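Below is one structure, written out as C-alpha cells, with a few remarks after it.
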Amino acid sequence: MEMKRFQKINHFPGMIELCRKDLLARNLNRMLRLFPKEYNIFPRTWCLPADYGDFHAYRSMRKARTFICKPDNSCQGRGIFITHHPEEIKHGERMICQQYISEPFLIDGFKFDMRIYVLVTSCDPLKIFLYKEGLARFATMRYIADIVNADKMSGRSRKYKIIFSPQKFYACEMVLEEEGVFGDVTCDEWSFYLLPLDEDIISMELPEFFRDYFLEGDHRWINPVARALQLLNSLYGPFGKTHGIGRCAKMSYELWRDLEEESEGEGQGRKPEIGHVFLMDRDTDYVTALCSQVVYEGLVDDTFRIKCGSVDFGPDVTSSDKSIKVLLNSQDKVFSQIRNEHFSNVFGFLSQKSRNLQAQYDRRRGMDIKQMKDFVSQELKGLKQEHRLLSLHIGACESIMKKKTKQDFQETIKAEHSLLEGFDIRESTSFIEEHIDRQVSPVESLRLMCLLSITENGLIPKDYRSLKTQYLQSYGPEHLLTFHNLKRIGLLTEQAAGETLTAVESKVSKLVTDRAAGKITDAFSSLARKSNFRAISKKLGLIPRLDGEYDLKMPRDMAYVFGGAYVPLSCKIIEQVLERRG
C-alpha cells in the first residue's frame with residue numbers, strides 16, 4: 001500500500017504484531033529460538049491450534065502442570081481461565097496457552113504489574129523516550145482471600161461481600177476460586193449512577209471519565225451513563241425530546257435505548273416530567289472549561305477544587321490547625337446567596353451579612369426569660385451555624401485574594417478576553433511566554449496555551465515549538481508526555497489545513513435547524529480537532545457586543561460568569577435548540 005505525501009496515520013506500521021496476544025506470543029517464541037539467553041523472560045507459550053502438537057507433547061511429559069488460557073484477541077481479563085486438565089482443551093480451539101507461574105515474585109504478598117510509558121517517535125532510525133515515572137498495579141484479591149481463609153481457620157463465621165466498581169471482572173473471580181473462597185464470597189457491582197449535589201443539580205461525579213474515554217479510548221463508563229439515563233427515565237417518565245452532540249453521546253443514547261427495550265420501558269406509564277434531555281461530549285465545548293470564572297463559586301472551585309459538591313477548606317481558611325469539609329449547596333444560607341455573585345460584590349455582601357447577624361445576636365439584651373428561652377431553642381443554633389459558615393466564606397475570600405493577586409489575575413482575565421475576541425493575539429502570546437518564564441503556575445500556563453490553540457484553530461508551528469520549549473525548560477522535561485496527550489485530544493495543536501468556514505457553519509446550521517425530535521447528531525464530533533471558533537462564535541453570538549461596560553450587578557445573559565466577555569458555547573447551543581424547536 002502506498003501513501004500520499006499529505007496522508008498521515010496514527011499508528012506505526014506493524015504495531016498489531018505487538019498488540020495482539022497471538023502475534024506477540026508468536027514473535028516472542030521466534031526471538032527465543034534465535035536468542036535463547038536474552039529472551040528467557042516469559043513462561044512457555046503456545047499459540048493454539050497451530051502449536052497444539054507441541055503443547056500436547058509437553059503436557060504428556062509433565063502431568064502436574066497448570067496452564068492459563070487466554071483468547072487470542074481480547075482484553076480486560078475477559079475469557080481467561082486456569083485449568084489443571086489441559087486435555088479439556090480441544091484441538092482446533094483458538095487461544096493462547098501459557099504455563100502458569102504458581103510462585104511469582106510478590107511485593108508484600110501481592111501480585112503486581114508495572115505500567116511504563118514510552119514515546120516512540122521513529123522506527124527507522126529507532127527513537128524511544130522513556131518516561132521516568134510509571135504505575136504499579138497490585139492485585140488485592142489475594143489479600144481478600146487471605147482474610148477469608150484466616151477467618152475460616154479460626155472458626156469465625158462472617159458474611160463477605162465484594163463490591164466492584166464500575167463492573168466486576170472474571171479475572172478477579174478466578175483468583176477467589178483459585179484460593180478456594182469463591183463460594184464464601186458474594187460479588188456485586190456498584191455502578192456510578194446519579195448523586196444529588198443540590199436541589200437542582202445531580203451528577204455522576206466521574207473524574208476518570210474524560211481521560212479514560214477521550215485519551216485512552218476506554219468505553220467502560222458508557223454503560224453507567226446509559227444506566228443513569230434509564231434510572232431517570234424510570235423515575236420521571238419518558239423524556240419529551242433527546243438531543244445529543246458527539247460520538248460518546250451517541251453511544252450512550254443507543255445503549256440506553258437498548259436497555260429500555262430490554263426492560264420493556266418501566267417508566268412508560270408515568271407522566272413525563274422532563275421535557276428535554278441534552279447529551280454533549282466535553283470536546284464539543286473545550287473553551288468554556290478553559291476560561292476563568294469571576295463568580296464566587298467558580299473561583300472557589302478554581303482555588304480549592306469542589307469535589308462531589310463539597311470543598312476542603314485548609315488551615316489558611318479556618319484560622320486553625322485543622323481542615324474542614326464544607327458542603328456547598330442551597331442549605332448553606334451564606335453560599336446560596338453569593339455563589340453566582342461577581343467576586344467584587346462578595347466582600348460587600350459578607351460585610352452586610354456580618355452586621356445583620358450581629359444585630360440578631362444583640363436582640364438578646366432586651367428579652368425576658370420566656371423570649372430568651374424561645375430564642376435559644378429556636379434561633380441560636382441556626383445563628384451559630386450561619387456565623388460559622390460566614391467565617392469560613394470570609395476566610396475563603398481572603399485566601400482567594402492572596403493566591404490570585406489582583407494584578408496577575410486581572411492580566412490573565414484580560415489575556416483570556418483578547419483570545420476570545422481575537423484581538424491582540426501577538427500580545428496575548430507574549431503574555432503567555434512571560435507567564436511561563438515567571439513560573440506563575442504550570443497549570444495556568446497550560447490552560448492559556450490550550451485556550452490560544454482552541455480559539456486560533458491551533459498554534460502557528462513556530463509559536464508551538466517556542467512555547468513548548470520554554471515550558472519544558474521552566475517546568476521540566478517530564479511534561480513532554482503532557483504535551484503529547486494534549487495534542488492527541490485536540491487541546492494543544494499546531495495549525496494545519498482543516499475544514500473551511502463554510503463546512504463548520506454548515507454543521508452549526510444543521511444542529512440548530514434540524515427538526516427531527518430526539519435525533520442524535522454528531523455535527524460537532526470533529527470540532528475538537530478541526531474547529532473554527534471564530535465562525536461558531538460569530539454565528540451564535542458568543543461574544544456580547546455592548547455599548548459601554550457590562551453591568552455585573554444586573555446581568556442580562558450567561559456571559560456574566562466570565563465578566564461579560566463570553567457566553568458558554570454549550571449553554572448557547574441548548575438555548576438555540578430550544579428556541580428553534582420550541
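The values are calculated or read from the model by the stated rules, or taken from the named source; none is laboratory data. Owing to the predicted nature of the structure, the values given are computational and were not obtained by experimental measurement. Note: ideal-geometry Cβ built from the backbone for every residue, glycine included; neighbour counts use all protein chains shown. For accessibility, only protein heavy atoms count, side chains too; no ligands or nucleic acids. Shrake-Rupley method; radii C 1.70, N 1.55, O 1.52, S 1.80 Å.
Considering only residues that are among the small types (Gly, Ala, Ser) and touching a strand residue (DSSP E or B) at 6+ places or on another chain (Cβ under 7 Å), which ones fall in segment 180-212?
Within segment 180-212, Ser203 is the sole residue that qualifies.
Take the residues in segment 75-99 that are within 39 Å of the chain's Cα centre (by Cα) and open to solvent by 40 Å² or more (accessible area, probe 1.4 Å); name whichever of them is modelled with the lowest pLDDT.
So, considering only residues that are within 39 Å of the chain's Cα centre (by Cα) and open to solvent by 40 Å² or more (accessible area, probe 1.4 Å), the one modelled with the lowest pLDDT is Gln76.
Is it fair to say Thr121 is over 24 Å from Asp218 (Cβ atoms), without any contact (Cβ under 8 Å) to a residue 40 or more places away in the chain, open to solvent by less than 100 Å² (accessible area, probe 1.4 Å) and touching a His at 6+ places or on another chain (Cβ under 9 Å)?
For Thr121, the condition - over 24 Å from Asp218 (Cβ atoms), without any contact (Cβ under 8 Å) to a residue 40 or more places away in the chain, open to solvent by less than 100 Å² (accessible area, probe 1.4 Å) and touching a His at 6+ places or on another chain (Cβ under 9 Å) - is not met.
Just the residues that are hydrophobic (A, V, I, L, M, F, W, C) and assigned to a helix (DSSP H, G or I), please, taken from segment 319-348.
Hits for segment 319-348 are Val334, Phe335, Ile338, Phe343, Val346, Phe347.
Report whether or not Lys333 is modelled with pLDDT of 75 or more, open to solvent by 60 Å² or more (accessible area, probe 1.4 Å) and over 30 Å from Tyr550 (Cα atoms).
Taking the combined requirement at face value, the residue does not satisfy it.
Might you let me know whether segment 100-112 holds any residue that is open to solvent by 50 Å² or more (accessible area, probe 1.4 Å), part of a strand (DSSP E or B) and modelled with pLDDT of 80 or more?
For segment 100-112, residues open to solvent by 50 Å² or more (accessible area, probe 1.4 Å), part of a strand (DSSP E or B) and modelled with pLDDT of 80 or more: present.
Kindly establish whether Arg282 is charged (D, E, K, R) and within 30 Å of His342 (Cβ to Cβ).
Against the criterion (charged (D, E, K, R) and within 30 Å of His342 (Cβ to Cβ)), Arg282 qualifies.
Just to be sure I understand, how many residues within segment 124-178 are in contact with a helix residue (DSSP H, G or I) (Cβ under 7 Å, 6 or more places away or on another chain), open to solvent by 50 Å² or more (accessible area, probe 1.4 Å) and more than 30 Å from Asn485 (Cβ to Cβ)?
The number of residues fulfilling the criteria is 1.
Within segment 45-55, track down each residue that is surrounded by 15 or more Cβ atoms within 10 Å (Cβ to Cβ) and either over 25 Å from Phe169 (Cα atoms) or modelled with pLDDT under 85 (or both).
Correct list: Pro49, Asp51, Tyr52, Phe55.
Taking interchain pairs and intrachain pairs at least six residues apart, which have beta carbon atoms under 9 angstrom, with the first residue in segment 146-167 and over 24 Å from Trp221 (Cβ atoms) and the second open to solvent by 60 Å² or more (accessible area, probe 1.4 Å) and among the basic types (Lys, Arg)?
Once the first residue is over 24 Å from Trp221 (Cβ atoms) and sits in segment 146-167, its partners that are open to solvent by 60 Å² or more (accessible area, probe 1.4 Å) and among the basic types (Lys, Arg) give Val148/Arg158; Ala150/Arg156; Asp151/Arg158.
List every residue pair whose Cβ atoms sit under 6 Å apart, with the two residues 6 or more apart in sequence or on different chains, where the first one lies in segment 462-491 and is surrounded by fewer than 17 Cβ atoms within 10 Å (Cβ to Cβ) and the second, anywhere, is of a type in the set (Phe, Trp, Tyr).
Note: pairs meeting the criteria are Leu481/Tyr131.
Can you say whether Phe431 is over 28 Å from the mean Cα position of the chain (by Cα), of a type outside the set (Ser, Thr, Tyr) and open to solvent by less than 50 Å² (accessible area, probe 1.4 Å), as far as the supplied structure shows?
In short, yes.
Condition test on Ile147, is it outside any helix (DSSP H, G or I) and of a type in the set (A, V, I, L, M)?
When the stated conditions are applied, Ile147 does not pass them.
Find the residue count for segment 208-230, including only residues that are outside any helix (DSSP H, G or I), open to solvent by 60 Å² or more (accessible area, probe 1.4 Å) and free of Cβ contacts under 8 Å to residues at least 24 places away in the same chain.
Total satisfying the criteria: 2.
Across segment 336-369, what is the number of residues that are within 14 Å of Tyr296 (Cβ to Cβ) and exposed (fewer than 13 other Cβ atoms within 10 Å of the Cβ)?
Residues meeting the conditions: 2.
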